[in-house]
Each structure stands twice: as structure tokens, then as C-alpha cells.
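Derivation of every value follows stated rules applied to the coordinates shown; laboratory data play no part. Fair warning: this is a prediction, and the values are worked out from it, not measured in the lab. All Cβ positions, even for glycine, are placed from backbone atoms using ideal geometry, and neighbour counts span all protein chains on display.
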């Protein structure tokens, strides 16, 4: 029976049993990442609000914002990627020529809590920043994520991959609805687009375009590296998923999500992609980047 104050909705205490399980998962993933050459960093939980705003599209409404006693507008970090971009912009000497980092930390989103989803949760991010060798670094991130999952005993986990270039020329409303295909079904996609004001003929045209499984040059090059360098197999370790878009606006190339049981309709246990423009908004110059983030809470539930 609870006698003390309770926590706010979407926030929770972590008991010793779960804390030990989380620590073991973190240690195993960190061991894999360090074997790939990734180094740890840490960034603050609180950022200036202007640092975070304008980076997340529609999801920006979920950012926790507040004003301190000095009248400064602050925010709790929404993810670990934008703080990384700020960090790199202030530490450009680390790019010799690239910087590979990992970070573990709590992030905060004012969304509706549900099973496996909280308003405060832990992400385990890893990124490669500064390298112009797009295919090699995309493949390295994907391989590190898959091998981390294997190290945790998730033998059936599979990486779903798509290329955001497949969506060029299409309205974002159509792309966002298509990204929900496994969740709401084709009829649900059509209904959502209809409520957005698209005609029946427009909707059929969008779906006809989106339904084509197109293996772009980006995908084919990365596939070749995954198979030849990392001994990963198409269809077993990774697949093409033409529905995958990921919601954040800063992605520019390949995007990917890790599905725990090998089914593309599974809730993902992590995701990421290439984001070549984000860091440049802080650094004032073009700095390519690619990364992945494990959702630690959902991951720990499965191991």
C-alpha cells in the first residue's frame, strides 16, 4: 500500500531489480559500441528552449518548456541528438575527420503515457559525425545496432531500412500517414488522408507511388557493405521497408528501425538515420551525420 507522495503521471521510480537489469543492458551495448570505436559523452538535461525549437516538426509540441527566475526560456531535452549537434558545433576540434560518440540519458516528452511509453525515459544513442563516407558510416551504425541486439540475446531482431529519398515530391501528410500503415491498415491511411482534404484520386495516386518497393542507390550500397564487411544477411538481419519514414523532420537519407521479433509491424526498440543538415544549423557549415537510438525501457522489457 502506497503511503507517500506519488510520482506525476508518466514518471516512475526504478526499483533495484529493474535498475540492475538496465545497467547490464547498458554495459553490454557499450561494450559492442566501444569495439566499433565509439566514445562516451554527456550533455545537460536542460537546454535553452531556442536550441530545441524548430528541430522536431509536429512533435515540437511535446517539449517540456519553462522559464527560470532570470526570465530565461529553458526546456528539458526531447532527445539526445539535438544536444549532440550543439556539442559538436562547440567542439569542432573533435572532427579529425569524424567523431563517433555514444550517450545514455533521460529524455522528456509530454505525450500520453501507455504500456512501454513514459514521459521520462532513457535513450542510448550512438552517432558518427563529420565523415563524408556516407555508405560506410550508415552501414557501421546499422551493424553496431544489430550486433548490440544480438549481444542482448535478441536473435530474431531485424533492422527495417528505407530511404527518405523515396518520398521526394510527396506531401508530408501522405508520408506521415503511410508511415502508420502497419498500425492503422490501408483503410486507416486512406481515411487519414481524406480528413486532410485530399481527393480519392489523389489518395490512390499517393498510395500507388508509396507502395513501390524501391531499392535506391543508397540502400544497395549499404546492403553490399553490410553483407561483405559485417557478415549480415538481407532478409534475416535487415530488410527493406517501404513504409518506414520516421517522424522527425531532420532526417535526410536512409532511416531505420529495429524490430524485436523480426516482424515489421512490431513496435520498434530503436531507430535512427542520416541527418546531414542538423549540425550545420549550429556550426554554420555542412557537417554530415548518422545515428541510432535504443529506447532502453522497451528494450529491457524484452530481455
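Some observations on this one:
- When the square roots of the Cα gyration tensor eigenvalues are ordered a ≥ b ≥ c, the ratio a/c for segment 173-287 is 1.5 or more and a/b does not exceed b/c, which makes its shape oblate.
- Exposure proxy for 196, 140: other Cβ atoms within 10 Å of each Cβ, ordered fewest to most, give 196, 140.
- Net length gained if the chain between residue 65 and residue 11 were fully extended (0.36 nm per residue, minus Cα distance): 17.8 nm
- The GNM of the chain, with springs linking C-alpha atoms under 10 angstrom apart, assigns the highest mean-square fluctuation among 264, 123, 65 to 65.
- From least to most packed, judged by other beta carbons within 10 angstrom and beginning with the fewest, 46, 189, 222 follow the order 46, 189, 222.
- Cα gyration tensor, segment 16-302 - rounded (a/c under 1.5), prolate or oblate: rounded
- Prolate/oblate/rounded call for segment 45-129, Cα gyration tensor, a/c under 1.5 rounded: oblate
- With helices as the sole contributors, the chain gives -10500 deg cm²/dmol at 222 nm; each DSSP H run of n ≥ 4 counts as -39500 (n - 2.57), and the sum is divided by every residue.
- Bridges between two residues of segment 16-302, per DSSP, are antiparallel at a rate of about 85%.
- Ordering of 15-22, 70-77, 125-132, 102-109 by packing is 125-132, 102-109, 70-77, 15-22, highest average first (other Cβ atoms within 10 Å, averaged per residue).
- Sequence-distant contacts, meaning Cα pairs under 8 Å at least 6 residues apart, place the relative contact order of the chain at 22 percent.
- Label point 7 Å beyond Cα of residue 281 along Cβ direction - residues of segment 86-116 with amide nitrogen under 11 Å: 86
- Ordered by the number of other Cβ atoms lying within 10 Å of each residue's own Cβ, fewest first, 238, 121, 11 fall into the sequence 11, 121, 238.
- If the segment from residue 228 to residue 303 were pulled out straight at 0.36 nm per residue, it would be longer than the present Cα-Cα gap by 24.1 nm.
- Separation of segment 109-161 and segment 12-40, taken as the distance between their Cα centroids, equals 13 angstrom.
- Added length on full extension, which subtracts the Cα-Cα distance from 0.36 nm per residue, residue 133 to residue 72: 18.0 nm
- Point-to-point label distance, residue 209-residue 182, nm (Cα→Cβ direction, 7 Å offset): 2.4
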